[in-house]
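The values are calculated or read from the model by the stated rules, or taken from the named source; none is laboratory data. Given the structure is predicted, the values throughout are model-derived calculations rather than measurements. Neighbour counts are summed over all protein chains in view; Cβ atoms, including those assigned to glycine, are modelled from backbone coordinates with ideal geometry.
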Amino acid sequence: MKKLLGLRAHRLRHSLRIRITVITISAILASFLSFAVAGFFTVGREASSSSAEKMHLISKNAQQSLDALLDSIKQSTFSMSRIASDSLDGLVLIHNAANKSPTERTHQQTSQLDTYITNYCGKVQETMGSIASHTKGVVAYYYCINPNVSSNEHGFYYSRMGKVGFEEQSPVDASKLDSHDTDRNAWYFIPMRQGAPAWVGPYKDTHLNDALTITYVSPVYKSGVLIGVLGMEMLFDTMVDKINSLTIYDSGYACLLSQENEVLYHPELKRGDVPGFVSQIQSTGTDNVETSENAVIAYEDKGKRWQLSCSTLTNGMELVVCAPIDEVAASWHHLEASVVVIALVVLVLFIPATLIAMSEVNRPLRQLTEAARQLSEGNYDVELDYNKDDEIGELTTAFKTLCDHLRVYISNLNSQAYIDSLTHVKNKGAYDIYAARFNDKISHASSQDDLQFAIVMFDCNSLKFINDNYGHDKGDIYLKTACKLICQVYEHSPVFRIGGDEFIALLFGYDYDNREKLFSEFDERVCSLNATAENPWDIVDIAKGMSTYRWCEDKDMEMVWHRSDQRMYAAKQLRYAKRS
């Protein structure tokens, strides 16, 4: 009996296992059969619309890749424009009649304005170079000064055409540009006339050996005065290379058209030609290729049926992606024939393939998450090694660009923390940093020749009188006039405002070698300035004292500064004694 019950239990177990196996296999086969049948008919029904979506997706992916490159240049140019505008002093410009024509300015105003613009260009070009160096695709950047503002200073032009880094080229003299030569000079006149940033090109740039170039250029204004135009250039071939890297079926291609439907780049047509598909699009009632965006259009060419999809780039160019319809449909026909095999592969490999795919996707995402965490902690030197040409790769590139821009922006903010807000020279904090560096050099100097510098101390005597009698706004003008005079005489030296009415010039190099001459020249400049002053707050009254570093005697910067301060105070007392 026990043997019989055991046999029945064994058969029951086998029966249940077979039933579960049959049910599982039946479910799998039923799912597979349903998927295969539904997929076969669905593929055939959706082939047309899906091919259109795929063409549109190819077009959009190509557009995003090109727009990422263009937007990087656009954003960098915008940052450069803001810095260039913020670095200008509107009061100085108006004071020197920058808002008037050159013939309406005095000789002194013209000279002072030229000097100011020259110094200004020298200050901004270093920051602009840093931004350009971290912007992908840039081959040149420039700042062209409006000739109505300065006839002597033309700005600057940097190029790395065929070079590792940017090298300075001859700047463009805007007064010699022909406004009728739209092919070569539109980069200057279009933003100037529109009063707004603009994309220009492609055009032949003489600085780049007549290479076809596109540029994003922005006018720079301050207090209603057009100071000049600045921009970044990219070789048109950079866009062409990205387009040529696209794989569009077997014989498909992409081209670039202007807003007038003229060829800018086409693998077979010349620049300026109008492709044949344009007339076929217009014959359907659509005005041009641009208005056909987000639609896939069929046309005929050389006895074959083609499809195209169009996208408008951020610089106004039209990106057109074309492919033969039989090649587009071939993938769907192949899919119909292979749907059963694909279904089996999906069923067998779905789970491990998903795990592998998710692991591949998660790795760069984990890197980006860690980089974002480091960025939030203030570390901008993040390392991201994912460089594949896909969406995550583009996100990684954009994140790197963001880090570079933040690094430059934070660096600029840090530098501004050491700038006096009124006179725009270095402040007491900046002087303390210089003093610490020089104290280290003093401690390591083995002879007088190892370290040669001098300190000139200035005191603006009349500040309290002007503030009390004419107001603090006139006192500010007085301080800025005095500071400007100091900077003009000691133009090769850092100048610091270390107190309300006290300034220091730290001389080394050329200014140190000519310190006695400049010390005397300063008094001559004061007399010349005061002779033409129209208001009491335009008259500068500055006491000064100078002392040079003495090896072995001076143990730190404080001792040199103290001697300069004593001599300045003695000069002030002597001046008061003479007046009394």
Go through segment 517-529 and count every residue that is touching a strand residue (DSSP E or B) at 6+ places or on another chain (Cβ under 9 Å) and either modelled with pLDDT of 95 or more or not charged (D, E, K, R) (or both).
4
Name the single residue that is farthest from ILE504 (Cα to Cα) among those in segment 529-570 being of a type in the set (Phe, Trp, Tyr) and assigned to a helix (DSSP H, G or I).
TRP537
Kindly indicate whether any position in segment 197-206 is closer than 22 Å to SER258 by Cβ, of a type in the set (A, V, I, L, M, F, W, C) and touching a Lys or Arg at 6+ places or on another chain (Cβ under 7 Å).
no
Go through ALA543, ALA571 for me and flag whichever is surrounded by 14 or more Cβ atoms within 10 Å (Cβ to Cβ), touching a Lys or Arg at 6+ places or on another chain (Cβ under 6 Å), at pLDDT below 95 and farther than 15 Å from TYR490 by Cβ.
ALA543
Exactly one of these conditions fails for TYR221: (1) under 20 Å from the mean Cα position of the chain (by Cα); (2) of a type outside the set (A, V, I, L, M, F, W, C); (3) under 23 Å from GLN63 (Cα atoms). Give me its number.
(3)
Within segment 119-135, work out how many residues are crowded, with 18+ Cβ neighbours inside 10 Å and outside any helix (DSSP H, G or I).
1
Residue among LEU479, LEU529, LEU574 that alone is more than 27 Å from GLN112 (Cβ to Cβ) and of a type in the set (A, V, I, L, M):
LEU574
